[in-house]
Amino acid sequence: DGRLTFYPGNQTVDLPFINFMKRYGTVFLNAYTNSPICCPSRAAMWSGLFTHLTESWNNFKGLDPDYVTWMDLMEKHGYHTQKCGKLDYTSGHHSVSNRVEAWTRDVDFLLRQEGRPMVNLTGDKKHVRVMEADWHNTDKAVNWIREEATNLTQPFVLYLGLNLPHPYPSPYAGENFGSSTFLTSPYWLEKVSYEAIKIPKWSALSEMHPVDYYSSYTKNCTGEFTEQEVRNIRAFYYAMCAETDAMLGEIISALKDTGLLEKTIVIFTADHGELAMEHRQFYKMSMYEGSSHVPLLVMGPGIKEQQQVPNVVSLVDIYPTMLDIARIPVAQNLSGYSLIPLLHGKAENEASPRGPRPSWVLSEFHGCNVNSSTYMLRTGKWKYISYSDGHSVLPQLFDLTADPDELTNVAIKFPAIVHSLDKVLRSIVNYPKVSSSVQEYNKRQFISWKQSLGQNYSNVIANLRWHQDWLKEPKKYENAINKWL
């Protein structure tokens, strides 16, 4: 969650290496994902293109495997390149369950797809390496810096993709089949200031926006939660952020020890945030700040120190920025703009040859847990969220200055602003058309999956993550699917 990198969010957990990057570099106060879910977000970051252009509609569908990323171009221009850890930009290796849930979001039914979010404390106060796989990849990156990077005669670019801070799957948790667990050890939990944790305000279920209600229901968050449960989920999430920060620290230390730190640009960001029980939801797949607002910190030679940039930026800006750093000509068809002018502390009017950076960012979502394609435009103090064809589902408008927790949808109160922001959004993307092509894609994919299973498809669905609801009334849900098809 990007808000943890600056005040007041950074009061809740100790993140020493994020703070180190802020002291010696630049932090972006308004950085957003272009799609709040792993694979589509990473597809945008690696391609520099918005989601409706990559057509990465869900965690299963990303860039073509032979797509030329910024790293490929840097390699072509003489950089030594190294990737470690989670990539997930061609496909997220996600389960059949994720796919079927994404494809059937247009079906007129409501099924719980997730077990209730849980917490689990593991190990003792000496237990540091909770997410073993991430530590293994961090070690790989550190060893590469110490053994390879120090001896290179050419410049290098190293990418390390971590899974944390991400809830762990807990498939064997009895009735919470498919639930997600916020897992940490006492060592990391000690880094969290419990008294600074804000308990989010929830709207009554009856007052929720219909898409929010659908998300809350499918994520199994519509039941009762005690304040202690909510506080714990948030605390455990922050503890997982502290563990992630320590991995960043390993990289910074390796660069420092080898004398590479002062001549290396370091960028820290994320593919999406975590709602951690804000708006009665966990996970991402939402345009609310907890899910869509990502961290973005940059430090290194030429980068202004102790700078806080208020401009709205997004992950598609990484592609032109990387090319700019490497002095490689940037293609004109990109959705993003180089961050270098902002990082050097220059005024925006000294922007790229493509003209000034736009005053808005775009994020979109087309995957599971949301029953409608979603489009978010952030500009100035406004966040405008439009759905589907722009008519069948009511939009949302939030004034982030007056209402940072996004509790009051003011779309009805400000029709002129809704109208003008919708006009801007339509000038960027013909979103009713995109929504319609996603619906067609979902139907095609589901039909071919269903055909591959023959008459057995209902039994297969009955064993996916939503099995409990499906098994209660399989005929009713099969009929809803038939009606949709």
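So the values come out like this:
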quantity: Viscosity 0.890 mPa s, 25 °C: Kirkwood-radius Stokes-Einstein D of the stretch 2-131 over Cα pairs, µm²/s; calculated: 133 µm²/s
quantity: Average Cα contact separation per residue, the chain, under 8 Å, 6 or more apart, as relative contact order %; calculated: 24 percent
quantity: Kirkwood hydrodynamic radius over Cα pairs of the stretch 345-485, then Stokes diffusion coefficient at 25 °C and 0.890 mPa s, in µm²/s; calculated: 134 µm²/s
quantity: Rounded to whole Hz, the Karplus (6.51, -1.76, 1.60) HN-Hα couplings of the stretch 153-160, x for glycine and proline; calculated: 9, 9, x, 10, 9, 10, 10, 10
quantity: Distance between the stretch 309-388 and the stretch 101-158 - C-alpha centres, whole angstrom; calculated: 25 Å
quantity: Accessible surface, per residue, of the chain when the full set of protein chains is kept, probe 1.4 Å, Å²; calculated: 42 Å²
quantity: Set of lysines with alpha-carbon distance to Lys443 below 28 Å, sequence-local pairs under 8 removed; calculated: Lys61, Lys219, Lys284, Lys433, Lys472, Lys475, Lys476, Lys483
quantity: Apportionment of accessible area to carbon and sulfur, the stretch 289-443, percent (1.4 Å); calculated: 54 percent
quantity: Span from the the stretch 31-98 Cα centroid across to the the stretch 204-262 one, whole angstrom; calculated: 22 Å
quantity: Positive-end residue, the stretch 16-360 charge dipole about Cα centroid, Cβ charges, pick of Ala196, Gly25, Leu49; calculated: Gly25
quantity: Over the chain: helical MRE at 222 nm, DSSP H runs n ≥ 4 each giving -39500 (n - 2.57), nearest 500; calculated: -10500 deg cm²/dmol
quantity: Aspartates and glutamates whose Cα lies under 18 Å from that of Lys346, excluding same-chain neighbours fewer than 8 positions away; calculated: Glu305, Asp317, Asp324
quantity: Pairwise Cα inverse-distance average, inverted: Kirkwood Rh of the stretch 194-244 (Å); calculated: 12.5 Å
quantity: Positive-end residue of Trp449, Ser436, Val96, charge dipole of the chain with Cβ unit charges; calculated: Ser436
quantity: Within the chain: Cβ-based charge dipole about Cα centre, in debye rounded to nearest 20 (Lys, Arg +1; Asp, Glu -1); calculated: 580 debye
quantity: Once the Cα gyration tensor of the stretch 16-360 is diagonalised, semi-axes √(5λ) in Å; calculated: 33, 24, 20
quantity: All lysines inside 18 Å of Lys140 as judged from Cα atoms, apart from same-chain residues fewer than 8 positions distant; calculated: Lys83, Lys86, Lys256
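The values are calculated or read from the model by the stated rules, or taken from the named source; none is laboratory data. Everything quoted here is computed from the prediction, not taken from an experiment. When we count neighbours, we look across all protein chains shown, and the Cβ atoms used for this are built from the backbone with ideal geometry, even at glycine. Ligands, DNA and RNA are stripped out before the accessible areas are found, and what is left, the full protein with its side chains, is counted by its heavy atoms. Shrake-Rupley method; radii C 1.70, N 1.55, O 1.52, S 1.80 Å.
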